[in-house]
Amino acid sequence: MMDTMNIDDYLAQGGVLTSPDNVPARYRGELLRLMASFVDSELAASAGFAASINFAPGIKERIAASRITLEKADHAERVLNVMADFGTDTDRYQAMHDWASRVERDASLDAARRDGDMRLSVFHYPLSSWDDAVVMNVLMGLATQVQLTELTRLSYAPLAEVFREIAPRERRHMELGIEGIEKLATGGDKARLRELIAYWRPRVAATFGSLNSSRFETLSRFGLRRTPNETLLSRWQQDLDALLDRLGLN
């Protein structure tokens, strides 16, 4: 049987783990933290988009918002099922927080978690209109695509497989947002869209975490991260700027 040091070396060399039975304690803690952040963020996102369904200007838009609401909740459940393998009480977990709760629109939040709620800080802010929901979905959807390049390759194989199943639907959520913002940019108020982009841009940027993070080395050694936060942030900024240039919104 491999001791902890040998498992650490195995992970550092690109190895994968397949069961909770052979997971070192520190790895377990980091993996559960990662899963909790994803689950809480998806549940909060689902609750936010549920509230935006009635903002929708037409049937197609209502269907898109409903689909995102449903599928984000489903994604949370899939990852929560992996957490159950580590002993998480899934029924209790789902009821721990009010996933629809939001702070004031102009509140100042850092990236720290609040009262054990592990959602990304961007999901503490409310959606105020259909245009607002579309802009937030586009910016966060682009960020999710960048972040999923890490999640689909992490070293805990059962979770990586779940993220690979989730990835195409998360991409479709982003595409629905892009369809929506293209429509708004063509027939709407571009100045208003730019205001909303300016509001959400720093809040989505914060989801990439601290630059030069001291935890990255540990996560990288465990195979739970591969790319530094600043590199992922730069990729997102490039993707976003390319889209905004195309739409005349930069």
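For Ala167, the shell of other residues with beta-carbons less than 15 Å away shows a net charge of -1, using +1 for Lys and Arg and -1 for Asp and Glu.
Coupling constants for segment 202-211 follow from the phi torsions by the Karplus curve (6.51 cos²θ - 1.76 cosθ + 1.60, θ = phi - 60°), and in residue order they are x, 6, 6, 4, 5, 5, 7, x, 5, 6 Hz; glycine and proline get x.
Between 0 and 90 degrees, rounded to the nearest ten: what's the tilt of helix 25-52 against the longest Cα principal axis of the chain? Once rounded, the angle reads 20 degrees. Selection among His75, Leu31, Phe49 by position relative to the dipole of segment 1-111 gives Phe49 as farthest towards the positive end (Cβ unit charges, Cα centre). With a cut-off of 13 Å between beta carbons, the residues surrounding Pro20 carry a summed charge of -1, where Lys and Arg count +1 and Asp and Glu -1. Under conditions of 10 °C and 1.306 mPa s, segment 6-125 yields 98 µm² s⁻¹ as its translational diffusion coefficient, taking Rh as the Kirkwood radius over Cα pairs in the Stokes-Einstein equation. Across segment 87-93, coupling constants 3J(HN,Hα) worked out from phi with the 6.51/-1.76/1.60 Karplus curve, θ = phi - 60°, read x, 5, 7, 5, 5, 5, 4 Hz, and Gly and Pro carry x.
Rounded to the nearest 20 debye, the dipole magnitude of the chain is 440 debye, with +1 charges on Lys and Arg beta carbons, -1 on Asp and Glu beta carbons, and the Cα centre as origin. Annotation for Thr90 and Ala205: the two label points, set 7 Å from Cα along the Cα-Cβ direction, are 3.9 nm apart. Calculated over the chain, the projected area of the Cα convex hull averaged across directions stands at 13.3 nm². In this structure Trp130 has an accessible area near 40 Å², from a 1.4 Å probe over the protein heavy atoms.
Within the listed set Arg172, Arg119, Arg26, the Gaussian network model of the chain (springs between alpha-carbon atoms below 10 Å) gives the highest mean-square fluctuation for Arg26.
Of all lysines in the structure, those lying under 26 Å Cα to Cα from Lys72, and not within fewer than 8 positions of it along the same chain, are Lys60, Lys183. Here is the tail figure for segment 44-98: Cα pairs spaced more than 16 Å apart come to 49 percent of all pairs.
Taking the chain as a Gaussian network of alpha-carbon nodes connected by springs under 10 Å, the highest mean-square fluctuation of the residues Ala185, Ala84, Ala44 belongs to Ala84.
Note that segment 1-103 presents 53 Å² accessible area per residue, ligands and nucleic acids not counted, probe 1.4 Å. About its Cα centre, segment 120-220 has a charge dipole of approximately 120 debye under the convention of +1 per Lys or Arg Cβ and -1 per Asp or Glu Cβ, with nothing else charged.
Annotation: amide H of Tyr156 within the under-5 Å range of Leu17, sequence separation 5 or more or interchain, hydrogens built in the peptide plane. Per residue, the solvent-accessible area of segment 166-237 (1.4 Å probe, heavy atoms of protein chains only, all protein chains present) comes to 50 Å².
Put simply, the C-alpha atoms of segment 129-238 give a gyration tensor, and the ellipsoid matching it has half-axes of 30, 17, 8 Å, longest first. Here the Debye sum runs over all C-alpha atoms of segment 1-64 as equal scatterers in vacuum, and log10 of I(q)/I(0) at q = 0.14, 0.20, 0.26, 0.29 Å⁻¹ comes out as -0.59, -0.82, -1.08, -1.17. Surface composition of the chain: carbon plus sulfur atoms hold 50% of the accessible area, using a 1.4 angstrom probe and ignoring ligands, DNA and RNA.
For the residues Glu30, Glu104, Glu42, a GNM of the chain with alpha-carbon springs under 10 Å puts the largest fluctuation on Glu104. For Glu182, the shell of other residues with beta-carbons less than 14 Å away shows a net charge of -1, using +1 for Lys and Arg and -1 for Asp and Glu. Calculated mean residue ellipticity at 222 nm for the chain: -22000 deg cm²/dmol, from DSSP H runs with n ≥ 4 weighted as -39500 (n - 2.57), summed, divided by the residue count and rounded to 500.
Semi-axes of the equivalent ellipsoid of segment 99-160 are 25, 17, 9 Å, computed as sqrt(5λ) over the eigenvalues of the C-alpha gyration tensor in descending order.
The values are calculated or read from the model by the stated rules, or taken from the named source; none is laboratory data. Bear in mind that the values here come from a model prediction, so they are computed numbers and not experimental data. Every residue, glycine among them, receives a Cβ derived from its backbone with ideal geometry; neighbour counts consider all protein chains shown. These area figures cover heavy atoms from the full protein model, side chains too; ligands, DNA and RNA do not enter into them. Shrake-Rupley method; radii C 1.70, N 1.55, O 1.52, S 1.80 Å.
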